[in-house]
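Each remark here refers to the structure printed beneath this line.
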Amino acid sequence: MANTIGSPVQMRLEAASFCNLRCPLCATTQGHVHQGAVGGGFLRLEDFRKLLDDNPGLERIGLSNTGEIFLNPALLSILELAHERGVELVADANLNKVRPEVLEGLVKYQFRWLVCALDGASEETYSIYRVRGKFANVINNIRKVNELKQHYRSPFPELVWKFIIFGHNEHELLVAREMARELDMEFYPVLNRDPNFSPVRDPEAVRAATGLSVTSTDEYEALHGQSFLEIYCHQLWDNPQINWDGKVLGCCVNSWGDFGDNAFRDGLRASVNTEQIVYARKMLRGRAPPREDIPCTRCGVYEGMRKRGQWLERGARHTVKLIYWDFCSRILRWLPERARRTVKLLYWDFYRRTRRWLPAFVRGAGR
Ligand SMILES: C[S@@+](CC[C@H](N)C(=O)[O-])C[C@H]1O[C@@H](n2cnc3c(N)ncnc32)[C@H](O)[C@@H]1O
Ligand code: SF4
């Protein structure tokens, strides 16, 4: 597997690095984000337009990283432009504060997937982690999106209820799952990445409620012999993270350094293939020693790999995924705009209806 990549078909592009909440474990709350390479800012419409103009092969963009996308004042125009160009948008958000016209824009411009952070099923429990957040506001916004979806007869955005499992909210897992069903949301329980903050109290009950085989990152690491965060290293190849100002961060874990070029100024393909990022890919695969100027050298995930002498594996699954994305995007590019959108909608509708029957190996390649 090569350490240079082709022109990305999907990427991550931070829309806003500010947030209205103060979740205690979040790097943005702790101040690391604004003091580091990310800085404080919003994606600008002109930069987004240039990126789409220069990269007609882009199919999907993830807009969230360290902040709350709904704080970006240009978001509505960004949604509209992406829709015009047939580029799918996805994001994680806390959804506490959304302007009515932006809520409508999510439906009107067919935002693909919105993952809503909802770690609890009541105001009291939710606000323990989502400091400054209001459970009722999030639920109200979700209900409004559902009404708009009915009004526009649209299945988009698909809504996901993301429940980070803590000791203080595990008793609400089943109620939350039921609420998600009523709100037509996919329920997505995930592990808290810091096992020292509000750890799970009854792992067996959590396993039964979620169907997960592990209930903490410690258990995950003991079972798999690798860091829970190692999956994000693959973003350097498959889904590179670009900052709101065009800096190349590589993955969503890195907020302290960048890889040299600027994706808006120097071109996307060139900037995700600088000497530094190609070197980082070699380092992660254990084929080059650490180097001072490479952000990965200062990352705990890389340090763990070095300590264990166990490197990132880029197996057949990743190669198949890249070839598949490349193949689909080449075909889609030949179609006129309208046909392109219809084909995509039919494909996603088919995928949405059938994915629960797919083997986990294939399903993992979706969202
Ligand atoms: C920094 S947030 C930015 C997006 C948005 N503001 C949100 O909270 O969903 C990026 C992701 O980190 C997740 N996150 C926050 N705290 C976490 C924790 N302790 N463990 C695992 N994921 C966490 C969020 O739910 C979100 O999916
Ligand atoms: S809502 Fe998201 S970005 Fe905001 S503080 Fe919480 S985790 Fe961080």
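Here, each number is a calculation from the coordinates, and none is a lab measurement. All values reported here derive from a predicted model rather than from experimental measurement. Backbone-built Cβ (ideal geometry, glycine too); neighbour counts: all protein chains shown.
Here is how the numbers come out for the structure above:
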{"quantity": "Label-to-label distance, nm, for residues given as T4 and K97 (7 Å Cα→Cβ offset)", "calculated": "4.6"}
{"quantity": "Of all DSSP beta bridges in the chain, antiparallel share, percent nearest 5", "calculated": "15"}
{"quantity": "Global geometry of the range 56-192, whether rounded, prolate or oblate, following the gyration tensor of its Cα atoms and the 1.5 cut on a/c", "calculated": "prolate"}
{"quantity": "Sequence-distant aspartates and glutamates (8 or more away, or on other chains) whose Cα lies within less than 20 Å of K149", "calculated": "E80, E84, E88, D92, E101, E104, E158, E182, D184, E186, D349"}
{"quantity": "Percent breakdown of C-alpha pair distances by 10 Å bin, ordered from the shortest bin, for the chain", "calculated": "5, 23, 34, 29, 9, 0"}
{"quantity": "Cys with no candidate disulfide partner in the chain (beta-carbon separation under 4.7 Å rule)", "calculated": "C19, C116, C233, C251, C252, C296, C299, C328"}
{"quantity": "Under Karplus coefficients 6.51, -1.76 and 1.60, residue-wise ³J(HN,Hα) of the range 89-102 in Hz, glycine/proline x", "calculated": "10, 9, 6, 9, 8, 8, 6, 7, 9, 9, 5, x, 5, 6"}
{"quantity": "Residue pairs, from the table K108/K134; K97/K247; K97/K282; K108/K162, whose Cα atoms sit over 30 Å apart", "calculated": "K97/K282"}
{"quantity": "Sorted by Cβ neighbour density within 10 Å, fewest at the top, the residues I323, I128", "calculated": "I323, I128"}
